[in-house]
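The values are calculated or read from the model by the stated rules, or taken from the named source; none is laboratory data. Note that this is a predicted model, so its numbers are computed, not measured. Using ideal geometry, Cβ is built from the backbone for each residue, glycine included, and neighbour counts are taken over all protein chains shown. Heads up: the accessible areas ignore ligands, DNA and RNA and are worked out on the full protein's heavy atoms, side chains in. Shrake-Rupley method; radii C 1.70, N 1.55, O 1.52, S 1.80 Å.
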Amino acid sequence: QVQLVESGGGLVQPGGSLRLSCAASGDIFGIYAMGWYRQAPGKQRELVAHITSRGSTNYADSVKGRFTISRDNVVNTMYLQMNSLKPEDTAVYYCNGAKSGVLYWGQGTQVTVSS
(Lines give C-alpha, C1' and ligand atoms only; values in the text may rest on other atoms or scores of the structure.)
Protein backbone atom coordinates (compact mmCIF):
# COMPACT_ATOMS: atom_id res chain seq x y z
CA GLN A 1 0.00 0.00 0.00
CA VAL A 2 1.01 3.57 -0.68
CA GLN A 3 -0.10 6.49 1.46
CA LEU A 4 -0.11 10.03 0.09
CA VAL A 5 -0.69 13.07 2.30
CA GLU A 6 -1.09 16.58 0.90
CA SER A 7 -0.40 19.78 2.79
CA GLY A 8 0.13 23.46 2.13
CA GLY A 9 -3.31 24.56 1.03
CA GLY A 10 -5.03 27.65 2.34
CA LEU A 11 -6.51 31.04 1.55
CA VAL A 12 -4.48 33.40 -0.63
CA GLN A 13 -5.19 36.63 -2.45
CA PRO A 14 -5.16 36.82 -6.25
CA GLY A 15 -1.60 37.14 -7.48
CA GLY A 16 -0.24 35.33 -4.44
CA SER A 17 1.66 32.07 -4.12
CA LEU A 18 1.36 28.75 -2.35
CA ARG A 19 3.44 25.60 -2.30
CA LEU A 20 1.68 22.28 -1.94
CA SER A 21 3.46 19.17 -0.71
CA CYS A 22 2.58 15.51 -1.16
CA ALA A 23 4.41 13.14 1.16
CA ALA A 24 4.53 9.49 0.13
CA SER A 25 4.98 6.61 2.54
CA GLY A 26 4.48 2.87 2.67
CA ASP A 27 5.43 0.62 -0.23
CA ILE A 28 6.67 3.47 -2.41
CA PHE A 29 9.36 1.61 -4.32
CA GLY A 30 8.37 1.52 -7.96
CA ILE A 31 6.19 4.63 -8.09
CA TYR A 32 6.96 5.79 -11.58
CA ALA A 33 4.74 8.81 -12.02
CA MET A 34 3.02 11.30 -9.82
CA GLY A 35 0.64 14.11 -10.46
CA TRP A 36 -1.48 16.91 -9.08
CA TYR A 37 -5.17 17.12 -9.87
CA ARG A 38 -7.82 19.57 -8.76
CA GLN A 39 -11.56 19.59 -8.45
CA ALA A 40 -13.62 22.74 -8.19
CA PRO A 41 -17.22 22.67 -6.93
CA GLY A 42 -19.54 21.32 -9.59
CA LYS A 43 -16.70 20.41 -11.92
CA GLN A 44 -14.84 17.25 -12.82
CA ARG A 45 -11.42 16.50 -11.43
CA GLU A 46 -8.76 17.70 -13.84
CA LEU A 47 -5.05 17.19 -14.29
CA VAL A 48 -2.92 20.12 -13.19
CA ALA A 49 0.61 18.76 -13.61
CA HIS A 50 2.40 15.45 -13.96
CA ILE A 51 5.96 14.28 -13.35
CA THR A 52 7.63 10.97 -14.15
CA SER A 53 10.29 9.20 -12.12
CA ARG A 54 12.88 10.64 -14.53
CA GLY A 55 11.64 14.17 -14.01
CA SER A 56 9.72 14.72 -17.23
CA THR A 57 6.85 17.11 -16.66
CA ASN A 58 3.70 18.29 -18.32
CA TYR A 59 1.13 20.89 -17.35
CA ALA A 60 -2.42 21.87 -18.06
CA ASP A 61 -2.53 24.87 -20.39
CA SER A 62 -4.31 26.90 -17.72
CA VAL A 63 -1.33 26.71 -15.34
CA LYS A 64 1.65 26.74 -17.70
CA GLY A 65 4.14 29.42 -16.72
CA ARG A 66 2.57 29.83 -13.28
CA PHE A 67 2.86 26.41 -11.61
CA THR A 68 5.91 24.21 -11.22
CA ILE A 69 5.84 20.54 -10.26
CA SER A 70 8.86 18.86 -8.71
CA ARG A 71 9.75 15.83 -6.66
CA ASP A 72 12.44 15.04 -4.12
CA ASN A 73 13.05 11.29 -4.13
CA VAL A 74 15.28 11.52 -1.07
CA VAL A 75 12.41 12.63 1.15
CA ASN A 76 9.70 10.98 -0.97
CA THR A 77 7.82 14.21 -1.47
CA MET A 78 6.31 15.91 -4.49
CA TYR A 79 5.66 19.64 -4.65
CA LEU A 80 3.54 22.07 -6.57
CA GLN A 81 4.72 25.66 -6.53
CA MET A 82 1.82 27.88 -7.50
CA ASN A 83 2.47 31.50 -8.42
CA SER A 84 0.26 34.27 -9.79
CA LEU A 85 -2.79 32.53 -8.41
CA LYS A 86 -6.20 33.36 -9.84
CA PRO A 87 -9.69 32.92 -8.38
CA GLU A 88 -10.29 30.17 -10.95
CA ASP A 89 -7.51 28.15 -9.33
CA THR A 90 -9.77 27.66 -6.31
CA ALA A 91 -10.30 23.94 -5.83
CA VAL A 92 -9.41 20.92 -3.76
CA TYR A 93 -6.00 19.75 -4.91
CA TYR A 94 -5.16 16.06 -4.88
CA CYS A 95 -1.92 14.25 -5.49
CA ASN A 96 -1.67 10.80 -6.95
CA GLY A 97 0.96 8.20 -7.62
CA ALA A 98 1.02 5.35 -10.10
CA LYS A 99 2.54 1.99 -9.28
CA SER A 100 2.05 -1.34 -11.03
CA GLY A 101 -1.04 -0.08 -12.77
CA VAL A 102 -2.68 1.15 -9.57
CA LEU A 103 -3.43 4.81 -8.84
CA TYR A 104 -3.14 5.98 -5.26
CA TRP A 105 -4.72 9.24 -4.11
CA GLY A 106 -4.27 11.59 -1.23
CA GLN A 107 -7.16 13.08 0.73
CA GLY A 108 -6.86 16.52 -0.85
CA THR A 109 -6.05 20.01 0.35
CA GLN A 110 -8.22 23.08 -0.20
CA VAL A 111 -6.83 26.06 -2.09
CA THR A 112 -8.95 29.20 -2.09
CA VAL A 113 -7.94 32.28 -4.07
CA SER A 114 -9.98 35.26 -3.03
CA SER A 115 -9.63 38.87 -2.01
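Mark the label point 7 Å from the Cα of Ser114 along Cα→Cβ and return the residues of segment 78-93 whose backbone N is within less than 17 Å of it.
The answer is 85-93.
Using θ = phi - 60° and the Karplus relation 6.51 cos²θ - 1.76 cosθ + 1.60, list the HN-Hα couplings for segment 10-21 in order, rounded to whole Hz, with x at every Gly or Pro.
x, 9, 9, 7, x, x, x, 10, 9, 10, 8, 10
Can you give me the accessible area per residue for the chain, using a 1.4 Å probe, in Å²?
Roughly 53 Å² per residue, with all protein chains present.
How big is the Rg/Rh ratio for segment 5-71, C-alpha atoms only, Rh by Kirkwood, two decimals?
Here Rg/Rh amounts to 0.97.
Given charges of +1 on the Cβ of Lys and Arg and -1 on the Cβ of Asp and Glu, with all other atoms neutral, how large is the dipole of the chain about its Cα centre, in debye to the nearest 20?
That gives the chain a dipole magnitude of about 140 debye.
In the chain, carbon and sulfur make up what percent of the accessible area (probe 1.4 Å)?
Within the chain, the accessible surface is 49 percent carbon and sulfur.
Quick one: Cα centre-to-centre distance for segment 1-31 and segment 57-104, in angstrom?
With segment 1-31 and segment 57-104 each reduced to a Cα centre, they are spaced 8 Å.
Which whole-Hz couplings ³J(HN,Hα) result when phi for each residue of segment 67-83 is put into the Karplus expression 6.51 cos²θ - 1.76 cosθ + 1.60, θ = phi - 60°, listed in order with x for Gly and Pro?
With the stated coefficients, segment 67-83 comes to 10, 9, 9, 8, 9, 10, 6, 6, 9, 6, 9, 10, 10, 9, 8, 10, 10 Hz.
Enumerate the calculated ³J(HN,Hα) couplings along segment 92-104 in order (Karplus 6.51 cos²θ - 1.76 cosθ + 1.60, θ = phi - 60°), each rounded to whole Hz, writing x wherever the residue is Gly or Pro.
Result, ordered by residue: 8, 9, 10, 9, 9, x, 10, 8, 6, x, 10, 9, 10 Hz.
With N residues in segment 22-115, what two-decimal value do you get for its Cα radius of gyration over 2.2 N^0.38 Å?
Output field value: 1.07.
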